[in-house]
Amino acid sequence: MCGRFGLFASRDDVETRYGVQVPLSVWDGVPRYNIAPSQPVLGVVAGPEAATLRWGLIPAATPPGLRPGRVAPARGREWINARVETVATKQAFRTAFATRRCLVPASGYYEWEGAEAPPGPDEPFQLTPPSARRPHWHGRRGEPLFSMAGIVASWEPEPGVESIESVAIVTTDAVPGVASVHPRMPLVLPRARESEWLERAPTPDQLVALVGEAAQLSWVSRVVGDAVNSPRNEGASLINPR
């Protein structure tokens, strides 16, 4: 799964990398080393265009109504991840996959290693991981900025209220070296496949081929300190080796 990541590339680097303009209203350019679910994230949608998305997909068919004191649906659930194996068929994901895919720029992501079994695909995400688990930072070898595959949904919390644009990060089986920490990882798109992902939904065969290409990408990993366990903590020190 992917439950925390960082984005600390410069605004110029992001705009050059994706060929988009990033208004301050979309992303202020402040480096973020501990992006957590329910927080706003930078996305690149078809166009391409930069967009602000809330991390935690709220399917468009979710009944209206907010939880008291929270920007979250009163009924239904939010999904931070969507498994690539079921993203085209699962009811919660299939419309978003068919109509609105995106890129989620990242500098790296975190995963936690521990003795206990990782949460299953339908278990609730724990915002603060158990302290017994060791956090690891994973980054692309030689690529300071990469794209995680995402799907986007628009949900209207109340009639006449501005819609919430939300995103789930697509996950796949982890590659060797990463799998020793956790069996799942984000589906990271090869640069040559990014525009295709935005323009049209892959067929089942194309999805299989895309996963195969993603599995060839190289990664570097290191153990980091426990400060990243709390989403309240921020700063470059979070990715320092432990």
Leading residue by the ranking (nearest to residue 143 (Cα to Cα)) among those in segment 190-231 that are among the aliphatic types (A, V, I, L, M) and either touching an Asp or Glu at 6+ places or on another chain (Cβ under 7 Å) or part of a loop (DSSP other than H, G, I, E, B) (or both): 217
Single condition residue 242 does not satisfy, out of (1) more than 26 Å from residue 85 (Cα to Cα); (2) surrounded by 20 or more Cβ atoms within 10 Å (Cβ to Cβ): (2)
Which one of these is in contact with a Pro (Cβ under 9 Å, 6 or more places away or on another chain) and of a type in the set (D, E, K, R): 54, 11? 54
When you look at residue 234, is it of a type in the set (D, E, K, R), farther than 18 Å from residue 18 by Cβ, at pLDDT 95 or above and outside any helix (DSSP H, G or I), yes or no? yes
Is there any pair linking a residue in segment 1-18 that is more than 16 Å from residue 239 (Cβ to Cβ) to one that is polar (S, T, N, Q) and loosely packed, with under 15 Cβ neighbours inside 10 Å, with Cβ under 6 Å and at least six apart or on different chains, and which? none
A careful count of residues in segment 47-78 that are under 13 Å from residue 165 (Cβ atoms) and small (Gly, Ala, Ser) gives 4
Selection count where residues are crowded, with 16+ Cβ neighbours inside 10 Å and more than 17 Å from residue 148 (Cα to Cα), scope segment 166-181: 1
Those residues that are touching a strand residue (DSSP E or B) at 6+ places or on another chain (Cβ under 9 Å), of a type outside the set (Val, Ile, Thr) and closer than 24 Å to residue 208 by Cβ, I need them from segment 47-93; list them, please. 57, 79, 81, 82, 83, 85, 90, 92, 93
Quick one: would you say residue 49 is closer than 28 Å to residue 95 by Cβ, free of Cβ contacts under 8 Å to residues at least 40 places away in the same chain and of a type outside the set (Val, Ile, Thr)? yes
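The values are calculated or read from the model by the stated rules, or taken from the named source; none is laboratory data. Because the structure is a prediction, the values reported are computed rather than measured. Ideal geometry is used to build each Cβ from the backbone, glycine not excepted, and the neighbour counts take in all protein chains shown.
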